[in-house]
Amino acid sequence: MSNKKQDQLNDMKKDNDGKALTTNNGVKVSEDENTLTVGERGPSLLEDFHFREKIMHFDHERIPERIVHARGFGAHGEFQVYEDLSEYTSADFLTQPNKTTPVFVRFSTVQGSKGSPDTVRDVRGFATKFYTDEGIFDLVGNDIPVFFIQDAIKFPDLIHAVKPEPHNEMPQGGSAHDTFWDFFAQNPESTHTTMWVMSDRGIPKNFRQVEGFGVHTFRLVNREGQAHFVKFHWKPVQGLESLVWDEAQILSGKDIDFHRKDLYESIEKGDFPEWELALQIIRPEQEFDFDFDILDPTKIWPEDQVPVQKVGKMTLNRNVSNVFDETEQATFHPGHIVPGIDFTNDPLLQGRLFSYTDTQISRLGGPNFNQIPINRPVNEVHNNQRDAMHQMNVHKGQVAYHKNALNNNDPHTTPKEEGGYEHYQEKVDGHKIQKRSESFKDYYSQPKLYLNSLNEDEYNHMVQGFSFEIGMCKSIMVKQNAVNQLNKVDRKLAEEVAQNIGVTVPETNEEVQSESKDSQLTMEKFNIPLPGHSVAVLINGDISAETLKSYAKVFTANKLNYAFVGKHPKSISEDYGITETFNTAHPTLFDSLIVLSDDSDINPSIEEFAELSYKHNKPLVFNQHAAEKLKNAKLDLYGSGVFISDEPDTIVKAFERARYWDR
Ligand code: HDD
C-alpha cells in the first residue's frame, strides 16, 4: 500500500549496493585499510585526506541523548479513523474514514540512559507522530494515564530526583533510590502516578501490549468553532500484559533488548501490532461537573463516568531502515497540532510547549531539525524562516518577509475557512498569580480509587513493588516519610509496606475514605489473544521428528512463536530442528513451557527451567514421562496452570490464562 511518508523517505534513502567507496567530497577511494605513510614502517602523513575525514566524522558520531526517554525504539505504520468525527473536530485525518495517515511511533523508558535495560520498572513513553495532510500532529503520551506533577515548573525537580543520583550516578534505569522516594514523600501530587508505576503497569511485558494515554486534556474544535474537552487513549488489540518483577530483573541481564526485540521481530514476521485510538469527551458545559478538576494531569477521567469511544485504528507494519537516522533523530512535541485540535490551560501541558523545541535545539544542533527526513511533514512547507545551522533547502528569490509586494505576498496566509490554523477563542479573565488552584489539591482520592479497583493479585504485586522500591532506600527518614504518604491513601497498604521494610506504622490512620471503584482500571478487563505468545519446548532424550512436527503444526496454526530446546542443536528434518540449547534459552525469554521427555533421566537444566517458569506463573505442559521425571522438582505438578498431557494442542488450553497467579 502506498504511504506518503514512506515514499518521501524512500526518495532520501542511500543504498550502497554496487557503488564505489568515495570521500564525502565524492572522490573515489582506492585504499581503506592503510593510512598514507613514509615507507611501510614510517610516519603517517596528514595529507591522507580520506583518513582524516573518516576519523573526523567518526569522532563526532554521537549526539546528546534525550534528557529523559533516552532509551527508545520506533516503528512506522498507518492510522485510519473508523467514522467521520466532524461533529467534534475539523482535523482532516479524523474526519475522512477513507484516508490512511502515515504514523511513526517511538516507545521508551523514562529514567535510564540510552544503553539501559528495557525491562526496568518505569513509565513507558508512547509517542506518535501523525503525518497528516494538514501538517504533523504529535501525540506525545505515556503508558500511564496520569503524571507525577501538576505544573511544568517542577519537571526538572522530578527528573533530578528520579535520574541516577548525582554524587555516584546510581542507580541506572529505576526509581528504587532515596532521591525519588524523598520527592514522592515531599510532593504529594506524585502519589497517584507512583501507585500506577508500582503496580503491574510499571513492568509491561512488551511494547505491543501497553495502553497509551495523551494524559492531558486537549480540545477538539469543529468547523463551527465549537470545542469539546478530550482525552486521547490507545487501546492495544493485543491486550495488556505485564512481567513478574523477579522476571523483569532477570531479563535486565539476560536480554537488555527484550522489548525492542519483541517489537522488531513481530513486525519483521508480519505480526503487526495494532492499537485503537479512543476518545473520552466532555462537553464544555460539563467542565465543573466532576469531583476532580478536568485540567489536572494527575487525575484520570474514570471510564465508568466518561466512557471511552473507539474511533480508529493504528497498525505498526514497518521497521525503520536505520535507527539513528529515523528513531534517534525523531523530534516529538506536544505542541505539534493541526487544525481541529487545541490545547487547554493544563499548566503541565503549557510548560511542555516550551521544553520540547528547546531540547531539540541542543540535541540536534540547531533549529532546522524539522528538515531531517523523519521529521518532515508530508505536505509542503513554505515560510520566511531562513538560514541557521544545517539548512537543507535552497530557497529561491529575493524576498523573505511578510508582507511583501515584490513576491505577490507569497508565501501567503490561509483563511481559517480554507484550512489556516485558528486558535480556539477561549475567554480568559484574571489576576497574575503564582498559586495552584484549590481544585487541584485532592491528592489521595484517585490513588484510592485505583487501589480499590485492582484485583487481589494486582494489589499484592503493588505491595511488593512498594516494598522493594522503598526498601532499597538508605535513609530511614525517607522510608518513613514514604510510608506516611501511603498512610494517607490506605491504612492496610501502609501497614503491609511498613512491615516489609522495617519502619513504623504511623500512629493515626489518615486514609482517605472512599469505596469508589472504576471497572476499567484492572488489567483483568483486557482480553489477551493467543497469537504472538511464545513457547519453549524442552526436549529430554529422544523425541521423534514426527512428534515435534505435530507440535509445530499446532504452534503454527495458532500463530505461536516457539523454539525447540535441547542439549545440542540438531537438525531433525528439513524444516524442524533444535535451534536453542539449555545454554542459550532461558525461561524468562518465553511465555510458556512444554517438556517432552522419553524415559531417560531428566537433564538438571530442564528442572531449573520448569521451576522458574512455574515461579513466574506461566502455563506449563509436561508429557507423561516428563511429569514422572519432574516429581522431585520444586513445583506442584497438580498446581494451577500445570497440564500433564501428550497432546500437542493442550498448549492452547494452557494459554486460557497468560499467568496463573493462584499458585
Ligand atoms: Fe516529556 C520527552 C512524554 C511531561 C519535557 N516526554 C518525552 C517523550 C515522551 C514524553 C513520550 C519521548 C519522546 C520521544 O520518543 O522522542 N512528557 C511526556 C508526558 C508528560 C511529559 C506524557 C506529561 C503528561 N516532559 C514533560 C514535562 C516536560 C517534559 C512537564 C518539561 C517541562 N519530555 C520533555 C523533554 C523531552 C521529553 C525534555 C526529552 C527529549 C525530548 O523531549 O524530545 O523535552
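The values are calculated or read from the model by the stated rules, or taken from the named source; none is laboratory data. On a predicted model such as this, the values are computed, not experimentally measured, just so you know. A quick note on method: Cβ atoms are made from the backbone with ideal geometry, for glycine too, and the neighbour counts reach across all protein chains shown. Surface accessibility is based on the protein's heavy atoms, side chains included, excluding ligands, DNA and RNA. Shrake-Rupley method; radii C 1.70, N 1.55, O 1.52, S 1.80 Å.
In segment 105-131, the residue that is surrounded by the most Cβ atoms within 10 Å (Cβ to Cβ) out of those that are of a type in the set (S, T, N, Q) and more than 8 Å from the chain's Cα centre (by Cα) is Thr119.
With the requirement that a residue be in contact (Cβ under 8 Å) with a residue 60 or more places away in the chain, outside any loop (DSSP other than H, G, I, E, B) and more than 12 Å from the ligand (Cβ to nearest atom), what does segment 324-346 give you? Residues satisfying the conditions are Ile341, Asp342.
Restricting attention to segment 263-278, the residues being charged (D, E, K, R) and assigned to a strand (DSSP E or B) number 2. The single condition among (1) open to solvent by less than 30 Å² (accessible area, probe 1.4 Å); (2) without any contact (Cβ under 8 Å) to a residue 60 or more places away in the chain; (3) in contact with a helix residue (DSSP H, G or I) (Cβ under 8 Å, 6 or more places away or on another chain) that Leu316 does not meet is (2).
Residues in segment 253-269: is at least one surrounded by fewer than 20 Cβ atoms within 10 Å (Cβ to Cβ), small (Gly, Ala, Ser) and within 17 Å of Leu589 (Cβ to Cβ)? For segment 253-269, residues surrounded by fewer than 20 Cβ atoms within 10 Å (Cβ to Cβ), small (Gly, Ala, Ser) and within 17 Å of Leu589 (Cβ to Cβ): present. The residues listed here are Pro297, Pro302; of these, the one that is in contact with a His (Cβ under 8 Å, 6 or more places away or on another chain) and assigned to a loop (DSSP other than H, G, I, E, B) is Pro297. Just to be sure, is Ser30 within 24 Å of Ile267 (Cβ to Cβ), hydroxyl-bearing (Ser, Thr, Tyr) and either part of a helix (DSSP H, G or I) or away from the ligand (no atom under 16 Å from the Cβ) (or both)? No. Examine segment 237-250 for a residue that is more than 16 Å from the ligand (Cβ to nearest atom), open to solvent by 10 Å² or more (accessible area, probe 1.4 Å), within 27 Å of Asn487 (Cβ to Cβ) and not in a strand (DSSP E or B), and state whether such a residue exists. Yes, segment 237-250 contains a residue that is more than 16 Å from the ligand (Cβ to nearest atom), open to solvent by 10 Å² or more (accessible area, probe 1.4 Å), within 27 Å of Asn487 (Cβ to Cβ) and not in a strand (DSSP E or B).
Taking the stated definitions as given, is His60 surrounded by 14 or more Cβ atoms within 10 Å (Cβ to Cβ), away from the ligand (no atom under 16 Å from the Cβ) and free of Cβ contacts under 8 Å to residues at least 40 places away in the same chain? Spelling it out, it is not the case that His60 is surrounded by 14 or more Cβ atoms within 10 Å (Cβ to Cβ), away from the ligand (no atom under 16 Å from the Cβ) and free of Cβ contacts under 8 Å to residues at least 40 places away in the same chain. The set of residues in segment 197-221 that are open to solvent by 10 Å² or more (accessible area, probe 1.4 Å), under 30 Å from Gln425 (Cβ atoms) and away from the ligand (no atom under 15 Å from the Cβ) comprises Arg219, Val221. For segment 119-135, a residue qualifies if it is among the charged types (D, E, K, R) and more than 16 Å from the ligand (Cβ to nearest atom), and the qualifying residues are Arg121, Asp133, Glu134. Considering Asn187, Asn222, the condition of being in the same structural domain as Ser252 (by TED's automatic domain parsing) and over 15 Å from the mean Cα position of the chain (by Cα) is satisfied by Asn222 alone.
Name the residue that is nearest to His192 (Cα to Cα), counting only residues in segment 467-514 that are touching a helix residue (DSSP H, G or I) at 6+ places or on another chain (Cβ under 9 Å) and among the acidic types (Asp, Glu). Only one residue tops the list, namely Asp490.
Applying the condition of being within 22 Å of Leu94 (Cβ to Cβ) and β-branched (Val, Ile, Thr) to segment 136-153 and asking which residue is farthest from the ligand (Cβ to nearest atom) yields Ile136.
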